[in-house]
């Protein structure tokens, strides 16, 4: 068996791994590259394999950096099956449809043809076949696959592959338990080889209890200043988690009721899809639903469904909370609100997810005082806060603990989905604490699984 690393190598985005056995070629993930202008352009590069030769595709989860080039794969001739969990399939549909508009704008900016169309998305959705967690299945004879719960977003999977008397696990993105709604990340019993994410390989998040307390304090400060709390949020998971916690803070009387606006068409669609899969919720969320508590519908919450209403938000007095995409401030409604509110010292910008190098979100995270938004140079006078424990990614401590629960021996670990300096830290930690050979592959590098 051979694995070629064609994305998420020494970087966080662009997940794409080619696996070859003696008789078959298949992929794990096929995602967009995100970040700076060079990453954007890379999405138009030719695949390093012939899509017509790919027998099937396994999808870890529905984030666009894991699925965003799947319609291009179809456009180039791929006609094999695509395997995922049921929620992942449904979220793939709405995220890929949404990506068409962004990619069309980017294509015009770059002076190239569109990467793919809505028709390509529609056609590729017909190739999906879903399997629930813990069900063995054989995409082709001699290759056995099993999904377990990664706890990262709803439907996210750790993928175990068994072929040619060897086992390989692709972690996908590992979750950050305990978090609202989602079940905790599953542990893997054993594997010969592990391809593992390393987004937070060099740091640990604050505790779950502290993050909720900090959110409460930030909202109280916003109310005191009669200001605006802006939360750039990913449409999937972070928005739903924040709503869950805001619901709890309001119902328990810990914060005063205030207007809360979700100004993201994609997040609204994702939340509607989210409601369809309660069987994947954790026990606490299931119990709350059973008792009649709808944590996506509470006093003060408004889902903004029109451009006119979105524009009106900028004229409404504070205090108020505006949750809008995109999560790294690379597009979407959040840019209009940031342009309006970041010059105001009574504004707080709350960052709750990983910010890729080269994004506006990363610049704001690094406290850049003057930034360009929608062509305008903006002075940042707002207070910028970050609660990293709202990240959907496991931190260093949880990554190490997850590895420690796998039966030894593990022949080798390959670190992906991380910036090089963070991977270096995690590599030494794993080798020192677990005694497992660990390696950081480069883009295009192939390794033999013996």
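The values are calculated or read from the model by the stated rules, or taken from the named source; none is laboratory data. Keep in mind the model is a prediction, meaning the values are calculated, not measured. Neighbour counts are summed over all protein chains in view; Cβ atoms, including those assigned to glycine, are modelled from backbone coordinates with ideal geometry.
Per-structure values
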{"read-out": "Residue count, segment 289-310 (criterion: exposed (fewer than 12 other Cβ atoms within 10 Å of the Cβ) and touching a residue at least 12 places away in the same chain (Cβ under 8 Å))", "value": "1"}
{"read-out": "Unique match (being touching a strand residue (DSSP E or B) at 6+ places or on another chain (Cβ under 8 Å), more than 12 Å from residue 181 (Cβ to Cβ) and either surrounded by fewer than 18 Cβ atoms within 10 Å (Cβ to Cβ) or touching a residue at least 60 places away in the same chain (Cβ under 8 Å) (or both)) among 266, 246", "value": "246"}
{"read-out": "Qualifying positions in segment 222-234 - closer than 21 Å to residue 361 by Cβ and assigned to a helix (DSSP H, G or I)", "value": "222"}
{"read-out": "Failed criterion for residue 120 (all others in (1) surrounded by fewer than 18 Cβ atoms within 10 Å (Cβ to Cβ); (2) closer than 21 Å to residue 26 by Cβ; (3) touching a helix residue (DSSP H, G or I) at 6+ places or on another chain (Cβ under 9 Å) hold)", "value": "(1)"}
{"read-out": "Residue count, segment 368-391 (criterion: surrounded by fewer than 11 Cβ atoms within 10 Å (Cβ to Cβ) and under 23 Å from residue 105 (Cα atoms))", "value": "4"}
{"read-out": "Qualifying residue in segment 46-53 (condition: over 21 Å from residue 355 (Cβ atoms) and touching a helix residue (DSSP H, G or I) at 6+ places or on another chain (Cβ under 8 Å))", "value": "yes"}
{"read-out": "Output for segment 77-104, where each listed residue is free of Cβ contacts under 8 Å to residues at least 60 places away in the same chain, more than 30 Å from residue 134 (Cα to Cα) and buried (at least 18 other Cβ atoms within 10 Å of the Cβ)", "value": "100"}
{"read-out": "Residue selected from segment 253-270 under the condition in a loop (DSSP other than H, G, I, E, B) and under 23 Å from residue 98 (Cβ atoms), by the criterion farthest from the chain's Cα centre (by Cα)", "value": "263"}
{"read-out": "Condition met for residue 231 (surrounded by 19 or more Cβ atoms within 10 Å (Cβ to Cβ), in the same structural domain as residue 365 (by TED's automatic domain parsing) and modelled with pLDDT of 90 or more)", "value": "yes"}
{"read-out": "Count of segment 187-199 residues which are under 22 Å from residue 65 (Cα atoms) and either part of a loop (DSSP other than H, G, I, E, B) or under 16 Å from the mean Cα position of the chain (by Cα) (or both)", "value": "4"}
{"read-out": "Residue, surrounded by the most Cβ atoms within 10 Å (Cβ to Cβ), within segment 392-423, restricted to residues that are without any contact (Cβ under 8 Å) to a residue 40 or more places away in the chain and part of a helix (DSSP H, G or I)", "value": "400"}
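Residue-by-condition table, conditions (1) in contact with a helix residue (DSSP H, G or I) (Cβ under 6 Å, 6 or more places away or on another chain); (2) buried (at least 22 other Cβ atoms within 10 Å of the Cβ); (3) closer than 21 Å to residue 439 by Cα:
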residue	(1), (2), (3)
170	no, yes, yes
194	no, yes, yes
204	yes, no, no
207	no, no, no
214	no, no, no
220	no, no, no
